Amino acid sequence: MSEFLLQNDPTSQIYLDANATTPVLKSISDVVSHTMQICFGNPSSSHISGIQAKSLLESARSKARRVIGATTGDILFTSGATEGIQTGVVSTLIAAKNHGLRAPVLLYGATEHKAVPNTLEHWNQVLGINAQILAIPVDEYGILDCNFIAKHAKNALMICTMAVNNETGVFQDLAAIENAIRSHNTDVAWMVDCVQALGKTALALSETSIDYAPFSGHKLYAPKGIGILYIRQGSAYTPFIAGGGQESGMRSGTENLPGIAGLNKLFSLLLDTDDNTFKSLDILYEYRTQLHQALLDTFGSLTFNHSFSHSVPTTLNFAVDGLSSKEVMDMFDAAGIRVSGGSACSSGANRSFVLDAMGVSDWQSENAIRLSFGPSITQSEIEQACLRIRSLKAILAANCLVVSDSTEPLQDVCAIGLTQFRHQGACCWLYVSNNKQAVIVDPIVELIPRLEKIVQTQNLQLVAILDTHAHQERTAARVLLTEALKLTLTESNNLGWPISTSQILLSECIIESIATPGHSDDSVSYLLRCNNTNQVQFCFCGDLLLPAGLGNTAIKGGNALLMAKSLKLLNACLSEDSVICSGHDYQQCFAINWQVQKQQTALLNSLLNNDLSDEEFAKQKLASDEVNMDQFASLCGYAQSLEHINAKELDPKQARAMLKKSSCYIIDTREPYEHSVADIPLLFGVSAERVINIPLSRMANALVAQQLKKHTDYILLCRSGNRSKQAAFNLTQLGFENVYNLRGGLALFNV
Ligand code: PLP
């Protein structure tokens with residue numbers, strides 16, 4: 001059992017994101033700490049403290065040589081791989097300034113870490129080299145095209161490749177690359193990024209013609225901010241950092257001795273054949289098999305984005321069929337398993353350029369999950385990880401997310417009432433009556449598998465699939481969903497409304513359709529009225545209204561004058577509490593009622609207060625739409641930012657104190673599949689009744705179901721504090737007075 005996992009502790013995490021970074025091994029951090037406190041001398045000092053420090057530094061250097069097989073050449077201590085990459089590129093490009101080539105190129109692998117192409121681009125420009133920068137393509141396995149290298153090697157000033165890819169674990173055949181390069185160019189500088197190879201593959205750098213090889217400590221249990229750069233004997237070199245002449249003048253600045261001491265310990269462990277901190281490749285392959293099986297058992301259908309025979313055993317990159325990477329990540333995170341979507345360094349982007357280069361499908365690239373572990377992981381940690389992964393199976397089943405075999409779904413997370421589904425800014429709504437009759441409004445193509453799964457696993461009787469106006473892509477979604485569910489619905493018009501009836505009758509409510517042209521000439525709104533009160537509970541208005549905004553009228557079929565009349569008609573039908581369910585929600589509003597909609601939309605307010613005539617409204621609306629059309633990409637409509645109210649925030653200590661009041665409740669705004677894996681009552685020391693799960697997708701339903709009381713104290717939470725902040729803001733807008741957000745969410749709970 002290693003030190004990273006406290007078994008049976010529900011709050012402990014299983015860290016499976018080693019390719020992003022690793023924790024520091026205790027034995028390494030002890031040495032680092034000792035160096036900071038005891039052996040803290042400056043290696044350049046001539047007294048005993050300095051001599052001791054220097055000796056430590058040289059010991060680390062000589063061990064580094066043995067670890068990477070560098071009997072000759074230089075080893076420099078750097079701040080990490082990015083600095084090593086700069087140094088290699090700058091040294092090469094300065095030496096190549098007077099190259100004399102007619103069409104010089106700089107080559108890099110298409111799946112390289114962004115540090116490489118960005119550095120090439122930067123220094124190519126800054127140093128005025130003006131070489132063409134070319135990406136070396138890879139095949140479907142992620143293997144570099146050696147013919148391409150061979151073809152361009154003659155004109156290349158530098159060739160950058162990597163030993164092991166950080167997203168997929170794919171390793172390259174360095175001997176084949178070397179052959180492709182050197183048979184055409186014996187002089188060109190060749191850099192190999194070895195960051196992800198250390199500890200996972202054997203290296204013998206001096207036996208190759210690699211000129212530069214950067215490494216980074218934090219990818220293998222040493223601290224961040226320390227790395228090494230190997231430079232082949234005789235390769236071009238220009239100091240990247242000048243100054244006091246440390247590192248024989250090759251890299252100035254007082255050395256990061258604690259970091260170097262950490263590397264020294266790491267190298268000792270790697271070299272010690274009697275030590276079993278680092279597992280053999282055979283054992284790591286066996287670990288991969290166990291994780292692979294757990295993933296298969298849990299998710300059923302998933303696609304691996306790399307071939308196991310071309311990758312190191314410590315990385316598994318996959319996409320789950322029918323589940324977005326966000327959903328999978330949220331679920332893993334809630335279960336205390338840390339994995340990453342693609343590469344941590346590019347987690348802002350929603351596609352993987354590495355997977356795109358390998359030609360995987362859009363789905364795989366957009367929804368890739370990377371699970372990576374370090375070579376010091378233990379069998380018991382792997383078992384724990386597998387156990388937790390398998391524990392997700394019941395949650396998947398209970399939330400209709402299960403992708404393969406049909407485990408009995410639990411009814412309590414069934415979608416009775418209204419649920420919102422979103423894809424980017426577009427919204428689709430599913431209403432399920434008490435007797436499980438269902439209506440879908442504004443289906444979205446990307447959500448068809450999800451809707452299909454819910455309808456089937458929950459045994460819903462789908463009564464209608466409705467569009468609020470003819471929208472090319474949405475019409476297709478309605479037809480595709482009808483086909484996917486093999487439905488024979490009663491004959492309907494072009495928006496899906498049953499021809500023979502003026503009302504859709506459900507057990508506790510009716511839905512009626514009213515024409516509300518304005519955004520388009522065929523726009524309708526569907527009003528869901530409660531049988532008992534005759535009040536409109538939900539108004540599905542498509543793009544007539546957007547939360548805090550109005551639909552665009554400056555498009556084909558749009559008519560601002562008709563919009564004015566439609567808005568007045570709606571006003572006559574709706575009550576202040578009617579919840580507005582739009583076709584788009586760019587502001588992440590999730591739930592807004594008619595009262596707040598009017599307050600937040602100045603033009604609407606003026607129209608309904610008769611401050612503006614219909615004609616004046618139309619003139620102003622069209623004028624603003626035309627301006628907005630020029631400024632924004634969206635065609636559907638524009639919303640003002642909601643009037644800003646600072647949501648009240650609490651830290652965990654304040655939250656606990658507040659929960660001492662029995663009238664205070666926690667609202668978990670995460671989706672049910674995340675909510676069910678973490679034990680919130682245990683964490684806060686409150687009874688289960690004091691925790692309510694209202695995900696953002698069910699906020700509209702919660703308002704109508706009167707799940708929340710205006711004067712009660714609520715503490716909202718989610719994983720990172722972002723979703724709950726949004727919900728707190730929205731609820732405050734809606735007049736809930738005592739809503740607090742847990743700052744930083746569960747992520748910062750124990751920090
Ligand atoms: N190269 C690869 C393959 C990496 O995975 C990383 C880190 O993500 C880097 C380079 C950059 O390393 P560092 O964080 O040490 O600058």
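The values are calculated or read from the model by the stated rules, or taken from the named source; none is laboratory data. Predicted, not measured: the structure shown is a model, and the values here were computed from it. In this analysis, Cβ positions are derived from the backbone assuming ideal geometry, glycine residues included, and neighbour counts consider all displayed protein chains. To get the accessible areas, we keep the full protein, side chains included, count just its heavy atoms, and leave off ligands, DNA and RNA. Shrake-Rupley method; radii C 1.70, N 1.55, O 1.52, S 1.80 Å.
Some points to look at:
- Which of Y141, Y673 is most accessible, then next, and so on - probe 1.4 Å: Y141, Y673
- Total formal charge among the other residues, if their Cβ is under 14 angstrom from that of V105, Lys/Arg +1 and Asp/Glu -1: +2
- Count Lys and Arg as plus one, Asp and Glu as minus one, and take only other residues whose Cβ is under 10 Å from that of S582; the net charge is then -3.
- Couplings 3J(HN,Hα) of region 111-121, computed from phi: 9, 4, 4, 4, 4, 7, x, 5, 5, 4, 4 Hz, in residue order, whole Hz [Karplus 6.51 cos²θ - 1.76 cosθ + 1.60, θ = phi - 60°; x for Gly and Pro].
- 1.4 Å probe accessible area per residue over the chain, in Å²: 41
- On the principal axes of its alpha carbon atoms, the chain extends 88, 64, 48 Å, with the longest extent given first.
- Rounded to the nearest whole Hz, the Karplus-based 3J(HN,Hα) values (6.51 cos²θ - 1.76 cosθ + 1.60, θ = phi - 60°) of region 538-546 follow the sequence 10, 10, 8, 10, x, 9, 5, 10, 10, with x at glycine and proline.
- Per-residue ³J(HN,Hα) for region 425-437, Karplus 6.51 cos²θ - 1.76 cosθ + 1.60, θ = phi - 60°, Hz, x for Gly and Pro: x, 8, 10, 10, 10, 10, 10, 10, 7, 4, 9, 6, 7
- Whichever lysines have a C-alpha closer than 28 Å to that of K279, once near sequence neighbours (fewer than 8 apart) are set aside: K26, K63, K200, K219, K224, K265
- A crude spin-label estimate for the pair Q535 and H423, with each label 7 Å from Cα along the Cβ direction, gives 3.4 nm.
- Residues of region 547-577 with amide N under 16 Å of the 7 Å Cα→Cβ point at Q595: 574-577
- Taking the C-alpha atoms only, the angle from helix 281-299 to the longest principal axis of the chain is near 0 degrees.
- Treating each Cα of region 667-751 as an identical point scatterer and summing with the Debye formula, the log10 of I(q)/I(0) at q = 0.15, 0.20, 0.24, 0.25 Å⁻¹ comes to -0.49, -0.90, -1.31, -1.41.
- Among the protein heavy atoms of the chain, carbon and sulfur supply 51% of the accessible surface, probe 1.4 Å, non-protein parts ignored.
- Positive-end residue, region 424-639 charge dipole about Cα centroid, Cβ charges, pick of C530, S507, I440: S507
- Set of lysines near K661 by C-alpha distance (under 23 Å), chain-local residues within fewer than 8 positions excluded: K648, K653, K709, K710, K725
- Each label was represented as a point 7 Å from its Cα along the Cα-to-Cβ direction; for K26 and H184 these points are 5.3 nm apart.
- Prolate/oblate/rounded label for region 86-157 (Cα gyration tensor, a/c 1.5): oblate
- Rough spin-label spacing in nm, given labels placed 7 Å along Cα→Cβ, for S309 and E121: 3.6
- Over the chain: helical MRE at 222 nm, DSSP H runs n ≥ 4 each giving -39500 (n - 2.57), nearest 500: -10500 deg cm²/dmol
- Between the beta carbons of S248 and I692, assuming R0 = 56 Å, the FRET efficiency works out to 0.30 to the nearest 0.05.
- Compared with the dominant Cα axis of the chain, that is its longest principal axis, helix 722-733 is turned about 30°.
- Using Cβ point charges alone (K and R +1, D and E -1), the dipole size of region 424-639 about the Cα centre works out to roughly 460 debye.
- Measuring with a 1.4 angstrom probe and ignoring ligands and nucleic acids, F304 comes out at about 40 Å² accessible.
- Signed unit charges on C-beta, dipole axis of region 120-189, positive-most listed residue A180, N130, T168: N130
- Theoretical FRET efficiency, 1/(1+(r/R0)^6), r = Cβ-Cβ of K568 and I133, R0 56 Å, to 0.05: 0.40
- Against the main long axis of the alpha-carbon atoms of the chain, helix 26-37 sits at an angle near 70°.
- R0 of 35 Å, Cβ-Cβ distance Q620-K709: FRET efficiency to nearest 0.05: 0.35
- Cα gyration tensor shape for region 79-251, rounded if a/c is under 1.5, else prolate or oblate: oblate
- Overall form of region 424-639 per C-alpha gyration tensor (a/c, 1.5; a/b vs b/c): prolate
- The lysine pair count for region 424-639, using Cα distances under 21 Å and pairs eight or more places apart or on different chains, is 14.
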